[in-house]
Each structure stands twice: as structure tokens, then as C-alpha cells.
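The structure under discussion appears below in the form of C-alpha cells.
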Amino acid sequence: MTARRGWLGRLHGATDGSSAALVRAILESHEERNLRRLTIARSLMFLAIFFWLGLNYGWSTAADNALVLLAFIANGLVAYALARGRSDRRWVPFVVMLVDAILLGFTLLAPGRTYPGDWPWATVLRQPSFLYFLLLPAIASLSFRPLAVLWSAFCVGLVWAVGTMLIVLTPGTSTTIPNYGEEGPEASASQLAAYLSPNYVHVDDAVVRIFLTGLIAALLTYGAYRARRLMLEQAEVVRQRTNLARYVAPNMVEALARTDRPMGEVRTHSAAVLFADIKGFTALAEAGSPESSMRLLREFHARMANCVFAHGGTFDKFIGDGLMATFGTPEPAADAADRALACGRAMLAAIGEWREARMALGEAPVEVGIGIHFGPVIMGDIGGGEADQRFEFAVIGDTVNVASRLERLTRSVGRPLLASGDLRQALRTMADDLEPLGPHHLDGRSGLVEIWAVSAAAAASGGRDPG
């Protein structure tokens, strides 16, 4: 799940946010990985051919073909170097296929390479070598590009046709059978002798091979087309989930993707709740224009949401100039309290950096108040509407109220981050930067709540350990 969230994050940063840009980024990511796999696959294939030649025809034969096989591998590696990360170089695979076909044509059809040197050149067409050409459309189909498969089949047909034509034009080569169509023992014997002649070339055989290559390529083209359609559909799904993650926490997106129903029955378990709010936002809004106030809110919310997501929290909602986040929802987590406190520290650090940037531009500094509490929360779907089409995952309960009151209390005690004693007790790691402020009364509650605050030194350093 973390890896998927990271991919979504990279897509956010790599695109301009439009649907077309997201799909394009996803497709390019797929094709980048596929190009690497394809390069490895074709290199291993030619390496396998080398061992096949050695085991079946002798290692001297394999050695004679080693340079040609290395040329095939080098062709793929050069193509990978040219096309990697360059979506504008879509011509590279087509050049590679043409070079592959020419190399293969030279290897299989050149005089004296696959048959004894004192035999007629026409005997090369009697070899089963043509089957090697079928590897080229098969490799092209792995690119998920239908046009590439058709182009590879065209290259194979062109090379085989040119090779066959050169052999036919060689002096002494025959393409006809005498007495063809006649019956009788003598006619049959002469026809068989002509057919078995080492100088005879059955042109129809070359045509059939090219035709069958076209049929196989057509099937592979359809397969590549279907694979590309599936890739596009997957890209669309990721795009939808990416857009959803703009409004819903990534872990909520993952949870929704794993279920075919709303978030399930109402349930209760312990979780950490965090509230953050801009101090003095009303005064800032009065001093600025509506546009500057909206820009301020967007920058604040973006920085805070990034902190929440970075620490595995669930972003619950924006509340004017504040926000609410939970940790340990929708599924319980043993380190929920630790992640919530770490998120609060990260928020202080983010606000500190933002404050410095604003002051450098001559803008008013921004202060934040953060309250964090740990305890039982009630979770479930609320809403509904026509055909139950609109739901909202809600976290409610006294824990939420306490966290909200702690955030408000930051103004009166003069500390930017307050945590409850319950949260401190739930921590699995040491929190040396927390100082006790004693029990406090919170509005709306009859009892007292033990309060802890981030130390003045840590707060002054933006939430980072001053040491």
C-alpha cells in the first residue's frame, strides 16, 4: 500500500494535474518499465540461441555466430539507451526491428553460412531457418504496440522476399518444374527430380511463409492491441484513484478500493486525533485581499495535508482555516500515537519554513495551533441520499472533542502543540521534547485533562530536535 501511495505521489508531481496528463504519465511509466524488461528479454533470447547452437551444432558453430548474436544484443541495448525516458523517440523501436530483420536475413540467407560451401545457394531455402524470423513479431508484441508488430512482420516479409529474389536471380537457379501437370511414371519421375534438385527454388513456398507470417502477426497485433487497451484501462483506474486522493487520504482510497461496499459497520477502537488551525486568521484575512486569503489557506492546507499523508494519517476534513486528521483509521495501528505526534512535529517544521519564506517576502508570519489526543473513536459511514450514492466516512466521539479543545487551548497557554496525557501514555517511543503542563479544564467537559506541550526549544526550532 505504501508503494502505491508513493506512485500516486510521483504522478502528482510529474503531471500538470489534468486527466490527459495523468493518463500520459501512467502510460509512459508502463512503457518505461516494459522497455527495460523487453531489452532484458531479447538479450536473454539471443543468449539462449547461442547455447542452442552450441549444444546442437557444436561450439564452433556457436562461436562462428557469436559476433552476429552480440550485434543483436548491442542493437537492443543501443535502442534502450536512445529511447529510455524519451517518449518523443518513438521511431527507435521501428529502426531496431528493421536492423534485426536485416541482421537475421544476413545470418540465415547469406551464401555459405547455413549450408556447406560447395552446395548451390538455393539450398539455403530448404533449411528450417525461417522459423527464427517469427521471433521478431513475437518480440514486437511485447511492446504492446500493434503498429510495431505489423512493422516487424513487414520487415520479415521484405527481407525474406529480397533474399529469395536474389537467390532466384542467381545463374543456374530454377523456379520451374518440367512437364508440370502431366501424368504418368516418366513425367512424375522428372517432376520429382526437378523438385529435389538443389538448384530449384519453390517460389510459392516463399509466398506461403510470408503469408503465414502475416497471419501470425495479425493475431499478435490483436493481442498487443488488447494488452494496450487493458493498460489504458488500468491507467484510467489509477487516474481516478489519483484524483480521488486529492480529496480523500491515500489510505482511505486503498481501503475503498479493497471493498465492494461502504466502509462497513459502525465500529469503535482507539485512534489518535489531530486538529490544526491558523492562529489569528481573521486578522490576516482582514489585512489582505480575498485572493491572498484564499492563497494563504491553500498553501496552509497543502503543507498540512502533506505532513498527514507522509505519516500515514487519514485526512478527515478541512474546517475553514483548520483541519482534522486521524491516525489508526480506518484500521487500528499500534503506532498511531507515535505517528500523530511525529506529524505534529512535522507540521511545526513546515510552518517554520513557511513563516521564514513569508517574512522574506515581506508578508505577515503565520502561527499554528495543534492539539492531539488519543482514545476510543466511533467510525462509520454517514450520509446516503438517493439510491445511497453519497456517503462520508466519519470519526466521532469524545476523543475528537478533546483534540479540538486542545487545539483551542494552545492560544491561552502560548504553546503551538499540545498533547493529552493519554496520547503520551500511548506512545511506543520516548518523547523528550514534551513538557508537562499539568491538568487543565476543557470547555464542555466536567473532568480535568492532563496536558503536555512541545518544549519551547523544540517549538522555536520549528518542531525539530534543537540538539
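The values are calculated or read from the model by the stated rules, or taken from the named source; none is laboratory data. These numbers come from a predicted model, not from an experiment. As a convention, Cβ positions derive from the backbone with ideal geometry for all residues, glycine included, and neighbour counts pool all protein chains shown.
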Of all residues in region 327-354 being closer than 19 Å to T410 by Cα and under 28 Å from the mean Cα position of the chain (by Cα), the one that is surrounded by the most Cβ atoms within 10 Å (Cβ to Cβ)
C343
Condition check: assigned by TED's automatic domain parsing to the domain that holds G117 and either modelled with pLDDT under 75 or not in a loop (DSSP other than H, G, I, E, B) (or both). Does L215 satisfy that?
yes
For region 105-116, give me each residue that is of a type in the set (A, V, I, L, M), over 11 Å from N65 (Cβ atoms) and crowded, with 17+ Cβ neighbours inside 10 Å.
L109
Check whether at least one residue in region 148-158 is at pLDDT 85 or above and either farther than 25 Å from R37 by Cα or more than 43 Å from the chain's Cα centre (by Cα) (or both), and report yes or no.
yes
Among the residues of region 285-321, the number that are of a type in the set (V, I, T) and in a helix (DSSP H, G or I) is 1
Quick one: is T173 buried (at least 17 other Cβ atoms within 10 Å of the Cβ), in contact with a Leu (Cβ under 8 Å, 6 or more places away or on another chain) and assigned by TED's automatic domain parsing to the domain that holds F72?
no
Number of positions in region 403-420 that are in a helix (DSSP H, G or I) and surrounded by fewer than 18 Cβ atoms within 10 Å (Cβ to Cβ):
4
Does region 58-66 include one or more residues that are in the same structural domain as P128 (by TED's automatic domain parsing), over 20 Å from L104 (Cα atoms) and part of a helix (DSSP H, G or I)?
no
Given the options V78, V156, name the one that is surrounded by 16 or more Cβ atoms within 10 Å (Cβ to Cβ) and assigned to a helix (DSSP H, G or I).
V156
Which of the residues that make up region 334-370 are touching a residue at least 60 places away in the same chain (Cβ under 8 Å), of a type in the set (G, A, S) and part of a loop (DSSP other than H, G, I, E, B)?
A334, A364
Between residues in region 404-415 that are in the same structural domain as M324 (by TED's automatic domain parsing) and residues that are assigned to a loop (DSSP other than H, G, I, E, B), which pairs lie under 8 Å by C-beta distance while being six or more apart or on different chains?
R405/L442; R405/D443; R405/G444; R405/R445; L406/L442; R408/D443; L409/L442; T410/P416
Right, G117: in the same structural domain as L35 (by TED's automatic domain parsing) and assigned to a loop (DSSP other than H, G, I, E, B) or not?
yes
Which of (1) modelled with pLDDT under 90; (2) of a type in the set (G, A, S); (3) in contact with a helix residue (DSSP H, G or I) (Cβ under 6 Å, 6 or more places away or on another chain) does A394 not meet, given it meets every other one?
(3)
Just checking, which of G444, G438 is at positive phi, at pLDDT below 90, surrounded by fewer than 16 Cβ atoms within 10 Å (Cβ to Cβ) and not in a helix (DSSP H, G or I)?
G444
Give the residue that is nearest to the chain's Cα centre (by Cα), with candidates limited to residues of region 176-223 that are of a type in the set (V, I, T) and surrounded by 13 or more Cβ atoms within 10 Å (Cβ to Cβ).
T221
Verdict on M324 being out of contact with any Pro (no Cβ under 8 Å at 6 or more places or on another chain), part of a strand (DSSP E or B) and within 22 Å of G375 (Cα to Cα)
yes
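Per-residue answers, yes or no, for (1) free of Cβ contacts under 8 Å to residues at least 24 places away in the same chain; (2) under 23 Å from V156 (Cα atoms):
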residue: G58; (1), (2): yes, no
residue: N75; (1), (2): no, yes
residue: G85; (1), (2): no, no
residue: F94; (1), (2): no, yes
residue: V99; (1), (2): no, yes
residue: I102; (1), (2): no, yes
residue: P116; (1), (2): yes, no
residue: W121; (1), (2): no, yes
